[in-house]
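Working notes for the structure below.
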Amino acid sequence: MVKRVFVPLALMVLLVVSPASAQTPANALIAAQGPVVAGADTDPLPGDPGVRNGTLPNGMTYAILKNPRPEGAASIRLMVRVGSFEEADADRGIAHFLEHMAFNGTRSFPEGELIRRFAEAGIGFGRDQNAFTGPFSTVYSLDLNVADKDRLDLSFAWMGDVADGLIFAPAAVERERGVVMAEREARLGPAFDYQQRYSAFVAPGLRGPTRSPIGEASTLRAISSEALTAFYKAWYRPELATLIVVGDVDEADIEARIRTTFSDWTGQGPLPVSAVPGKPDLARPLDVMVSAERQQGSGISACRVRPAVLLGPDSLQRRKVYIERNLWLAILNRRLTRLAQDPEAPFTSASVSVSAWGREAAYTCLGVTPRSDATWREGLAAAQAEVARMAAHGVTQAEIDRVVAAQKESNRSAIVSAETRFSARLAAGLLAAQPFDGLDASAFTRPEDNAAIYDRVVAGITPASVHDAFLREIGGSEPLIALALPEVPDAEAVRVAWQEIEARPVPDAVAEAATTAWAYTDFGPPGRVATREIVDDPGFVRLTFENGVVVNFKSVNFSRDAILVAVRFGAGSLEVAPADYPAAGLGTVMLTPGGLGKHSMVEMADLFSSRRVAAQLSMQNRSFVLQGDTRPVDLEPQLQLLTATLTDPGFRRDFDQIRINAIRTLYRSRTSSPEAVATDALLKAIDPASPRLPPPLDVILEAGPSDFERVLKPALTQAPLEVTVVGDVDEATAVEALSRTLGAIPARSQISRARDDTWFLRYPEAPLEERVVHEGARDRAVVNLVWPLFVGDGERRDELRALGLLRLIMADAVRDEVREALGSAYSPGVSLQTSDFGDQGSLDVSIATNPAQAQIVREAVERVAATLASPGGITATALEAARRPVLDAIPASRRTNGWWLGVMDGSAREPRIVRDAIDWEAAYRDMTVEQVQAVATTWLARKPIVVQALPSPAAGVATEPATAP
């Protein structure tokens with residue numbers, strides 16, 4: 001897969017607003033790592049002493065870290081320092097193509113054997129075994145749920161082959177070429193087209209931003225096995241490689257394996273000469289790109305480019321640079337977020353970002369989403385005025401204190417949770433700390449050292465130093481302004497508008513808004529627990545308060561300093577009238593931006609800037625769920641927020657224009673998405689009056705806060721509540737907090753809220769086939785095949801579990817046929833849709849492919865289905881390869897808060913949830929070939945429903961990147 005690393009400022013913020021003061025850019029997170037040391041601020045910082053670092057005589061480096069979570073598991077990463085940056089013009093995409101070939105035949109794994117052998121060992125392709133290519137590196141990854149001798153032998157055999165044992169058979173290259181092309185084609189569309197033009201406009205002459213790892217269609221078609229071999233021999237060499245192993249392993253054994261596997265690896269010939277970095281044109285005058293984007297969101301980006309600043313080895317001084325950047329970014333973006341809340345503001349979102357491209361250049365960009373397409377000039381002016389305000393007046397100590405307090409609280413939480421970090425996360429951290437593109441690496445250190453170094457650095461930071469940091473990074477070239485609007489203005493008009501904006505008087509200094517006190521601390525006299533029972537299997541407590549609130553509780557320390565809370569209530573979509581589906585769907589998304597009766601969302605962002613609290617609503621087919629993710633220190637504020645949401649939801653209009661813009665953008669883009677067009681076509685064919693179809697634009701735009709309130713408030717404020725709390729908290733503490741919040745509110749009515757006119761999906765008996773046209777990229781098509789099943793219920797659990805295994809087997813078979821044999825798709829998907837007493841279930845296959853391959857793909861999938869449905873179509877080998885990775889992952893998954901939440905949430909109203917969670921592992925393990933064959937024969941024998949979304953002959957975007965105007 002391709003790692004996409006250069007993304008222009010988003011054209012739209014979709015209904016999500018976060019407190020800027022709680023955000024930390026990724027580069028600042030990396031920069032905040034470092035042990036406390038005595039000495040000069042420029043002295044290099046050592047890394048975590050727990051990491052065993054080493055270098056083989058051939059120059060290959062490695063890092064080993066023992067970590068017990070998950071128990072018995074390990075994460076392995078092999079990084080080779082080559083990516084798209086080093087590709088010749090004639091070989092664009094070759095690094096990524098080579099990555100694909102690592103799965104297609106090696107010294108130890110003949111073509112077709114690798115994925116099978118790993119699956120038999122419980123290692124799933126695409127999930128546990130994967131790879132990605134970026135501009136500067138290619139990384140191969142393995143996550144072993146069971147890191148025993150056999151699996152480690154298998155893993156090191158493959159990693160050793162990746163290093164110097166790949167085989168580029170011409171026939172295999174030709175097959176994989178189709179897969180690589182399909183991956184590229186899957187990305188095509190208006191957004192991809194704009195990305196290409198934007199990158200060429202902002203970064204002409206720079207290699208990194210303008211050389212996507214996915215490559216060009218013309219070069220991908222021409223890459224040969226000889227070219228792959230030459231690139232492989234030149235760049236895959238030990239001096240450019242690092243192996244990382246993190247897990248519940250014997251470090252000495254892993255080090256011995258590294259030496260045995262890689263010591264004989266030698267580079268062929270001299271080290272290749274790295275490509276010469278580009279240089280930004282700092283003398284470039286004010287420049288403008290206007291782009292008519294009728295199928296995606298409106299947006300403006302104004303960037304200044306400057307030379308890259310190489311900070312040298314990791315040090316206190318280097319950390320100070322990043323921390324000060326993080327401070328002014330958080331402060332400025334908080335100011336912009338507060339402005340966007342004003343109903344009269346000319347923009348719905350705006351933010352500033354800083355990005356660096358290795359040794360080539362650095363960018364500071366202002367991104368703006370105008371309130372309407374007609375207010376682009378006013379939106380840009382208002383956002384730029386805030387940049388000018390900070391340039392003239394700087395920041396206040398109060399603003400710094402707010403950001404620092406939030407970061408210190410985050411640092412404290414990281415220290416507490418350090419011992420429960422999973423190995424995959426630590427492997428990612430070690431990978432990020434490796435040097436690339438000739439730059440110095442960040443030190444990888446312990447959370448307690450990170451916190452101490454942060455404290456030491458911020459102690460010397462002042463408003464003046466933050467202001468100076470801002471001024472250093474806000475400057476550079478003249479602005480490079482890109483406008484994406486349905487109807488674009490003349491470029492000269494944009495130039496004139498910017499000149500007028502810059503000529504405006506400097507705004508006054510910021511007036512710090514007064515912060516009100518949190519209004520939801522008293523919900524009445526504390527409630528009392530009426531009953532307490534223990535659910536022995538799997539083992540948790542169920543409490544019932546006198547007001548009728550039911551609480552499922554489990555204290556676990558799998559993730560230290562982490563608690564999940566869910567509140568289930570109402571009947572979900574069962575209580576929504578068909579005509580109200582659009583309002584219910586939008587309302588669940590807009591509940592958080594709508595705030596509370598006594599606080600706007602922006603006020604809450606300030607009030608909780610140092611807290612970890614959340615309240616996210618979802619509508620399910622039998623209930624609504626309000627969920628939060630918090631820490632022990634924040635449990636009571638979290639419960640207060642949830643209780644306030646369930647008693648006094650705001651449904652404010654503060655972000656109404658964001659909703660309107662987001663809907664317009666969604667509708668613009670929907671016709672260019674073959675996936676969306678295919679989904680809509682199926683619903684229309686089944687029932688043209690389906691309430692789940694997107695309504696006309698004017699109808700959906702009319703649904704506003706008053707409709708959200710009418711549809712959702714009764715369930716929020718009147719329905720009985722079932723609460724689930726799981727995590728790092730003891731029962732007494734949880735009960736005490738619950739008694740003052742959800743346990744203290746008045747009792748609620750137990751009357752059923754389900755309607756009798758709910759629309760359910762039912763498939764026709766007769767075969768159905770639809771061919772529809774989308775308006776997106778002309779090299780993209782989607783083929784969907786649907787095999788209808790039955791409406792689920794508790795009596796058909798064994799059949800559903802057999803279907804679950806059939807889905808896995810079919811996914812493997814479809815991948816082997818469509819991707820590996822035909823090379824006609826990148827990532828074919830097979831899914832199982834089932835629900836109890838709701839929609840009719842289905843087994844679905846969805847494949848994005850080239851239009852010329854659509855019929856071939858459709859026939860291939862039907863062949864696979866026919867084979868599986870025929871006697872003997874399901875083999876013991878296929879069954880074991882499908883279920884082994886799932887079963888091996890169970891022990892680790894059960895040691896997570898999320899697993900326990902899934903077991904307990906809703907179990908009081910539907911006890912079968914607990915039984916299902918307990919029984920399914922044994923059911924999967926004991927399932928026979930005959931049982932799976934029976935469901936395959938029953939349900940795959942019928943002709944599937946087929947929907948193909950093909951490009952319009954008269955529309956579509958170009959598949960080749962357009963040049964900058």
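DSSP finds beta bridges in region 769-951, and of those with both partners inside it, around 70 percent are antiparallel.
Under the rule a/c < 1.5 gives rounded, and otherwise a/b versus b/c splits prolate from oblate, where does region 727-849 land using the Cα gyration tensor? Intermediate values should be presented prior to the final figure.
Details: a/c = 2.29, a/b = 1.88, b/c = 1.22.
It comes out prolate by the Cα gyration axes.
Toward the positive end of the charge dipole of the chain, with +1 on the Cβ of Lys and Arg and -1 on the Cβ of Asp and Glu, the farthest Cα among 192, 854, 717 is that of 192.
With helices as the sole contributors, the chain gives -12500 deg cm²/dmol at 222 nm; each DSSP H run of n ≥ 4 counts as -39500 (n - 2.57), and the sum is divided by every residue. Taken over the chain, lysine pairs spaced eight or more positions apart, or on distinct chains, with alpha carbons under 23 Å apart number 5. Both radii are taken from the alpha-carbon atoms of region 51-262; with Rh as the Kirkwood radius, Rg/Rh is 0.99.
What order, most packed first, do the peptides 398-408, 89-99 have when packing is the mean number of other Cβ atoms within 10 Å of each residue? Before the final figure, lay out each step's value.
Values: 398-408: 19.4, 89-99: 23.3.
Per-residue Cβ counts within 10 Å, averaged per peptide and sorted highest first, yield 89-99, 398-408.
Charge dipole (Cα centre; +1 on Lys/Arg Cβ, -1 on Asp/Glu Cβ; no other charges) of the chain amounts to roughly 560 debye. Across the chain, C-alpha contacts under 8 Å between residues 6 or more apart give a mean separation that, scaled by the residue count, equals a relative contact order of 16 percent.
Remind me, relative contact order of region 637-794 in percent, using alpha carbon pairs under 8 angstrom and six or more residues apart?
Values: 82 pairs, mean separation 65.6, N = 158.
RCO, region 637-794: 42 percent.
Region 906-958 and region 580-621 have Cα centres lying 33 Å from one another. Here region 68-91 and region 315-394 have alpha carbon centers that stand 33 Å from each other. For region 217-332, place one equal point scatterer on every Cα, skip the solvent, and apply the Debye formula. What is log10 of I(q)/I(0) at q = 0.11 Å⁻¹? For region 217-332, the Cα-only Debye profile gives -0.93. In plain terms, the bigger the Kirkwood radius, the slower the diffusion; for region 529-744, with that radius from Cα pairs, at 20 °C and 1.002 mPa s, Stokes-Einstein puts D at 113 µm²/s.
Only loop residues by DSSP count here, and only those with at most 15 other Cβ atoms within 10 Å; note down the trypsin sites (Lys or Arg not before Pro) in region 104-135 that meet that. Numbers along the way, then the final one.
Numbers: sites: 107, 116, 117, 127; in loops: 107, 127.
Answer in residue order: 107, 127.
Rounded to the nearest Å, what's the spacing between the alpha carbon centres of region 403-464 and region 845-897? Just the number, please. Region 403-464 and region 845-897 have Cα centres separated by 41 Å.
Is the shape of region 313-394 best called rounded, prolate or oblate, per the rule: a/c under 1.5 gives rounded, else a/b larger than b/c gives prolate, else oblate, with a ≥ b ≥ c the square roots of the Cα gyration tensor eigenvalues? Judged from the Cα gyration tensor, region 313-394 comes out prolate (a/c at least 1.5, a/b above b/c). At q = 0.10, 0.13 Å⁻¹, what log₁₀ I(q)/I(0) does a Debye calculation on the Cα points of region 769-951 give, no solvent, two decimals? So the normalised log intensities are -0.45, -0.74. By the Cα gyration tensor, the chain has an equivalent ellipsoid whose semi-axes, rounded to whole angstrom, run 39, 39, 32 from largest to smallest.
Peptide packing for 150-159, 719-728, 805-814 was compared via the average number of neighbouring C-beta atoms within 10 Å per residue; ordered from the highest value, the list is 719-728, 805-814, 150-159. Once the Cα-Cα distance is subtracted from the 0.36 nm per residue extended length, the residue 833 to residue 862 segment shows a gain of 8.5 nm.
Tally Lys and Arg at +1 and Asp and Glu at -1 over the other residues with C-beta under 12 Å from the C-beta of residue 734: what net charge comes out? Provide the component values of the computation, followed by the final result.
On the way: positive: 554, 740; negative: 636, 728, 730, 731, 736.
Taking every other residue near residue 734 into account, the sum is -3.
Quick one: plug the Kirkwood hydrodynamic radius of region 893-959 (C-alpha pairs) into Stokes-Einstein at 25 °C, 0.890 mPa s, and report D in µm²/s. Before the final figure, lay out each step's value.
On the way: Rh = 16.8 Å.
For these conditions, the coefficient is 146 µm²/s.
The slack between residue 750 and residue 736, meaning 0.36 nm per residue of separation minus the straight C-alpha distance, is 2.5 nm.
Report the chymotrypsin sites (Phe, Trp or Tyr not before Pro) located in region 770-841 that are in a DSSP loop and have at most 16 other Cβ atoms inside 10 Å of their Cβ, or state none.
Working: sites: 790, 826, 837; in loops: 790, 826, 837.
In loop regions of region 770-841 (DSSP not H, G, I, E or B), the sparsely surrounded chymotrypsin sites (Phe, Trp or Tyr not before Pro) are 790, 837.
Site pair residue 909 and residue 821 shows an inter-label distance of 4.7 nm when each label is modelled 7 Å from Cα along Cα→Cβ. Using the Cα gyration tensor of region 669-745, with a ≥ b ≥ c the square roots of its eigenvalues, what is the shape: rounded (a/c below 1.5), prolate (a/b larger than b/c) or oblate (neither)? Prolate is the answer for region 669-745, as a/c is 1.5 or above and a/b outweighs b/c. Working value for region 618-754: equivalent-ellipsoid semi-axes of 36, 17, 17 Å, each the square root of 5 times a Cα gyration tensor eigenvalue, largest first. Taking the Kirkwood radius as Rh and the Cα radius of gyration as Rg, region 803-888 has a ratio of Rg/Rh equal to 0.99.
Each reported figure results from applying straightforward, stated rules to the coordinates on display, with no laboratory input. Values in this document were obtained by computation on a predicted structure and should not be read as measured data. With ideal geometry, Cβ positions are generated from the backbone for all residues, glycine too; neighbour counts draw on all protein chains shown.
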